[in-house]
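First the structure, in the form of structure tokens, and then the observations on it.
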Amino acid sequence: MARHICEKLMDTNILSVQEIRTQYDGEWVLINDPEVDASLSVQRGRVLWHSKNRDEVYRQARLFKPKHCALLFVGSLPKNTAVVL
């Protein structure tokens, strides 16, 4: 089932990072085969999945098993939020 969904989503247009930010504000976004600049910042790609729930996006990434992907949070983090890399 996930493979069918992934194939269907891969038919979608490539979006710029600005378009992704506009459409998915406040969400986690899984991007397939992202195009990056010299500093490895995502410039554009195809959105495979998006959700306000990070764990849901991680689950979908494990199901889709994309060869190359990026996971972005689009928006501002809530006050007093810590990020661990």
Residues being surrounded by 17 or more Cβ atoms within 10 Å (Cβ to Cβ) and out of contact with any Phe, Trp or Tyr (no Cβ under 7 Å at 6 or more places or on another chain) - total across region 13-46: 13
Taking region 32-43 and the residues there that are at pLDDT 95 or above and part of a strand (DSSP E or B), the one that is farthest from L15 (Cα to Cα) would be V36
Name the pairs whose Cβ atoms lie under 8 Å apart, with the first residue in region 15-26 and in a strand (DSSP E or B), the second exposed (fewer than 11 other Cβ atoms within 10 Å of the Cβ) and among the polar types (S, T, N, Q), and 6 or more positions between them or separate chains? none
Quick check on my filter: what residues within region 60-80 are loosely packed, with under 15 Cβ neighbours inside 10 Å and in a loop (DSSP other than H, G, I, E, B)? K65, K67, H68, G75, S76, L77, P78, K79, N80
Set V47, V83, V29, V57: member being among the hydrophobic types (A, V, I, L, M, F, W, C), within 12 Å of the chain's Cα centre (by Cα) and not in a strand (DSSP E or B): V57
Pair list, Cβ < 7 Å and 6+ apart or interchain, from region 58-75 residues that are among the aromatic types (F, W, Y) to residues that are part of a strand (DSSP E or B): F64/L48; F73/W28
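The values are calculated or read from the model by the stated rules, or taken from the named source; none is laboratory data. A quick note: this is a predicted structure, and the numbers were derived from the prediction, not measured. So basically every Cβ, Gly included, is an ideal-geometry build from the backbone, and we count neighbours across all protein chains shown.
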